[in-house]
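Read the structure below first, then the notes.
Read the figures in this text as sums done on the coordinates, not as results from a lab. Since this is a predicted model, take the numbers as computed values, not measurements. Cβ placement follows ideal geometry from the backbone for every residue including glycine, while neighbour counts extend to all protein chains displayed.
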Amino acid sequence: MTYTVSHKRLRYDHAEVSELAGGKCLVKITISLGERIIEKDATGGDDAIGRLKTAAVATLKAIEETVEGRFTATLADLDHVNALGKDLIAVLVDVVFEGKEVQVFGSCQIAGSELDAAVKSALNATNRFFELAMRT
C-alpha cells in the first residue's frame, strides 16, 4: 500500500506551563507537521503528575486537530514506570478510529524533562493511528 502524503512525521517543538489560580495549571504545547505548526493547550492539576497529564492531554488535542478529527484520543492514564532499568513516562490512551474503540500504550524514556517525556509518550501511543489517518 502506498501513502499519498509524503512521510512527514509529527515533531514535538516545546511546552510551556503557566500556573493558574486554585491549584491549576495551563500547559500549551507546540508540535509541527512539515511547515504546519499546531498549538493546543489544556488545564489540569498543578502538582507534578497533574502537569504531566495536562501536557499529554494538550498533545492529544493537537494530534486530533492535525488529523482533522479522523480519530479521537483521550488520556486514560499516565504513570512513571521503571522497565529494564530505564525510567519512563507511560500513557494509556483511548482511541476511536473508524468506529472502533481501542486502548493503546505509549512510553518515552525520561532523558531530561519529565514534561517532554509525557508529550513524547502521547505521540508514541498514537503514532500508528496518525499514520493510518493521514492516508487517503
Next item on the list: Compute the acute angle (0 to 90°) between the alpha-carbon long axis of helix 48-66 and the principal axis of greatest extent of the alpha-carbon atoms of the chain; round to the nearest 10°.
Entry: 20 degrees
Item checked: Förster-model FRET efficiency, 35 Å R0, Thr43 and Val81, C-beta, rounded to 0.05 -> 0.90
Notebook entry, point to check: Using a Gaussian network model of the chain with C-alpha springs under 10 Å, which one of Glu98, Glu64, Glu114 is most mobile by mean-square fluctuation?
Noted result: Glu98
Margin query: Can you give me the C-alpha center-to-center distance between the stretch 34-58 and the stretch 90-136, rounded to a whole angstrom?
Written below: 14 Å
Notebook entry, point to check: Counting only residues 5 or more places away or on other chains, whose amide H sits under 5 Å from the amide H of Asp13 once H atoms are built in the peptide plane?
Noted result: Thr30, Ile31, Ser32
Item checked: 0 to 90° range, to nearest 10: angle between helix 114-134 axis and the chain longest Cα axis -> 20 degrees
Notebook entry, point to check: Using helices alone, what [θ] at 222 nm do you get for the chain, with -39,500 (n - 2.57) per DSSP H run of 4 or more residues, divided over all residues and rounded to the nearest 500?
Noted result: -10000 deg cm²/dmol
Checklist line | Anchor Lys40: lysines whose Cα lies under 28 Å away (excluding residues fewer than 8 positions away in-chain) | finding: Lys8, Lys24, Lys28, Lys53, Lys61, Lys100, Lys120
